[in-house]
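K.L.:
My questions will all concern the structure given below.
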Amino acid sequence: MQSSLKLVDCIIEVHDARIPLSGRNPLFQETLGLKPHLLVLNKMDLADLTEQQKIMQHLEGEGLKNVIFTNCVKDENVKQIIPMVTELIGRSHRYHRRENLEYCIMVIGVPNVGKSSLINSLRRQHLRKGKATRVGGEPGITRAVMSKIQVSERPLLFLLDTPGVLAPRIESVETGLKLALCGTVLDHLVGEETMADYLLYTLNKHQRFGYVQHYGLGSACDNIERVLKSVAVKLGKTQKVKVLTGTGNVNVIQPNYPAAARDFLQTFRRGLLGSVMLDLDILRGHPPAETVP
């Protein structure tokens with residue numbers, strides 16, 4: 001990414017709108033220098049944005065004045081991006097590039113926040129063309145800095161897609177769990193049942209009880225084992241297990257807890273449990289306290 005910087009006029013950082021204040025890689029700002037910078041908070045359709053004004057004020061306090069909320073799947077607000085980029089470039093110094101009429105933008109961000117989706121959305125909007133980059137529902141689809149991809153004719157604008165890059169050290173356990181819930185870390189590295197437990201805790205804390213209705217639970221519950229058991233039974237996700245008893249082996253049907261946890265997480269990520277703001281505590285002045293040693 002650093003070696004491609006001399007070609008770049010502006011940086012678009014893409015992040016998940018459900019965690020607008022957590023999990024951004026702090027090294028981006030240091031590494032990528034003083035290039036014009038636009039923050040795109042994607043997946044706005046999955047985020048509870050009732051506190052949007054507070055989010056903007058918080059980001060402005062961190063020096064981020066150029067912020068756009070988008071839903072790249074449905075092309076919402078994507079048309080605002082190129083005019084803002086051209087304005088930012090127009091206000092900046094393009095050293096050694098005055099003779100060059102084309103613009104080159106680098107797209108950066110942590111894994112699986114929608115960088116490739118953004119590029120494809122821009123192409124649909126401005127070139128009426130389809131996919132230029134692969135899109136996936138898990139981190140790690142883009143593996144290298146790609147060649148330039150045209151996204152606009154006037155102005156002539158190219159984007160560089162880059163792999164998702166997480167900070168080498170996550171600031172707290174809670175930030176790590178938020179990143180995992182949003183799919184920026186492969187689930188098995190954290191543990192699906194651990195993530196499901198944190199998700200249940202978060203939904204209850206924010207009084208988001210969509211899971212009760214979705215899974216027909218009857219009432220809210222803070223016991224993850226009980227919730228996953230109900231999910232497993234409802235979805236028919238059970239498994240036969242041999243149990244050794246005094247009279248020999250007995251087949252017992254048990255809930256498949258990992259499969260139930262997987263379904264709980266995927267249902268949340270598709271927005272079927274309602275919109276959520278995972279950074280509500282930070283917005284209300286309660287940053288995560290538990291630091292990873």
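K.L.:
With every protein chain kept in the model, how would you rank Arg128, Arg18, Arg284 by accessible area, 1.4 Å probe, largest at the top? Display every interim value, and only then the final one.
P.N.:
Values: Arg128 180, Arg18 5, Arg284 140 Å².
So the residues, ranked largest to smallest area, are Arg128, Arg284, Arg18.
K.L.:
Here is a further query. Looking only at Arg226, Arg91, Arg269, which one moves most when the chain is put into a Gaussian network model with springs between Cα atoms under 10 Å?
P.N.:
Maximum among the listed residues: Arg91.
K.L.:
Return the calculated 222 nm mean residue ellipticity for the chain, to the nearest 500 deg cm²/dmol, obtained by summing -39500 (n - 2.57) across DSSP H runs with n ≥ 4 and dividing by the residue count.
P.N.:
On the way: 11 runs with 99 residues, N = 293.
About -9500 deg cm²/dmol.
K.L.:
Still on this structure, please answer the following. Given charges of +1 on the Cβ of Lys and Arg and -1 on the Cβ of Asp and Glu, with all other atoms neutral, how large is the dipole of the chain about its Cα centre, in debye to the nearest 20?
P.N.:
Here the chain has a charge dipole of around 980 debye.
K.L.:
Can you work out the FRET efficiency for the pair Thr247 and Asn223, with r the C-beta to C-beta distance and R0 = 41 Å, to the nearest 0.05?
P.N.:
Values: r = 32 Å, r/R0 = 0.79.
Taking R0 as 41 Å, the efficiency between Thr247 and Asn223 is 0.80.
K.L.:
Taking square-rooted eigenvalues a ≥ b ≥ c of the alpha carbon gyration tensor, is the range 1-125 rounded, prolate or oblate, where a/c under 1.5 means rounded and, failing that, a/b exceeding b/c means prolate? Working shown, then result.
P.N.:
Values: a/c = 1.75, a/b = 1.43, b/c = 1.22.
In terms of gyration-tensor shape, prolate.
K.L.:
With label points built 7 Å along Cα→Cβ from the Cα atoms of Glu30 and Leu283, find their separation and express it in nm.
P.N.:
Output for this residue pair reads 3.0 nm.
K.L.:
While we're on this one: Compute the length gained on full extension between Val190 and Gln239: take 0.36 nm times their separation in residues and subtract their Cα-Cα distance, giving the result in nm to one decimal. Mind dumping the intermediate values first?
P.N.:
Values: separation 49, 0.36 × 49 = 17.64 nm, distance 2.33 nm.
Gain in length upon complete extension: 15.3 nm.
K.L.:
Take the alpha-carbon centre of the range 102-117, take the same for the range 50-92, and report the distance between them in whole Å.
P.N.:
Comparing the Cα centres of the range 102-117 and the range 50-92, I get a distance of 14 Å.
K.L.:
Grab the Cα-Cα distance for Leu101 and Leu49, subtract it from 0.36 nm times how many residues apart they are, and report the gain in nm with one decimal. It would help to have the intermediate numbers written out before the result.
P.N.:
Numbers: separation 52, 0.36 × 52 = 18.72 nm, distance 3.79 nm.
Working it through step by step, the gained length comes to 14.9 nm.
K.L.:
Continuing with this model, one more query. Enumerate the amide H contacts of Cys104 below 5 Å, restricted to partners 5 or more residues apart or on another chain; note that Pro and chain-start residues carry no placed amide H.
P.N.:
Asp9, Cys10, Phe158
K.L.:
Right, something else. Just how much of Tyr198 is accessible, in Å², when a 1.4 Å probe is used and the result is rounded to the nearest 10?
P.N.:
20 Å²
K.L.:
Accessible area per residue for the chain in Å², computed with a 1.4 Å probe and the full protein assembly in place, what is it?
P.N.:
Values: 15130 Å² over 293 residues.
Result: 52 Å² per residue.
K.L.:
Computed FRET efficiency, Cβ-Cβ of Val173 and Thr86, R0 45 Å: what is it to the nearest 0.05? It would help to have the intermediate numbers written out before the result.
P.N.:
Values: r = 41 Å, r/R0 = 0.92.
It comes to 0.65.
K.L.:
Once phi is turned into ³J(HN,Hα) by the Karplus curve 6.51 cos²θ - 1.76 cosθ + 1.60 with θ = phi - 60°, what whole-Hz value does each residue of the range 5-14 show in order, with x for glycine and proline?
P.N.:
Computed from phi, the couplings for the range 5-14 are 4, 5, 7, 9, 9, 7, 10, 9, 9, 9 Hz.
K.L.:
Quick check: pseudo-label points 7 Å beyond the Cα along Cα→Cβ at Gln125 and Lys65, how many nm apart are they?
P.N.:
2.2 nm
K.L.:
Hey, what do the phi angles of the range 156-163 turn into as Karplus ³J(HN,Hα) couplings, whole Hz, using 6.51/-1.76/1.60 and θ = phi - 60°, x for Gly and Pro?
P.N.:
These are the phi-based 3J(HN,Hα) values: 6, 9, 10, 10, 10, 7, 10, x Hz.
K.L.:
Got the relative contact order for the chain handy, in percent, Cα pairs under 8 Å and 6 or more residues apart? The partial results should precede the final answer.
P.N.:
Working: 483 pairs, mean separation 57.9, N = 293.
It rounds to 20 percent for the chain.
K.L.:
Test of understanding: in a Gaussian network model of the chain with alpha carbons linked when under 10 Å, which of Asp161, Asp222, Asp48 would top the mean-square fluctuation ranking?
P.N.:
Its mean-square fluctuation being the largest, the pick is Asp222.
The values are calculated or read from the model by the stated rules, or taken from the named source; none is laboratory data. What you see is a predicted model, and the numbers here were worked out from it, not measured in a lab. A quick note on method: Cβ atoms are made from the backbone with ideal geometry, for glycine too, and the neighbour counts reach across all protein chains shown. The accessibility values were calculated without ligands, DNA or RNA, using every heavy atom of the protein model including side chains. Shrake-Rupley method; radii C 1.70, N 1.55, O 1.52, S 1.80 Å.
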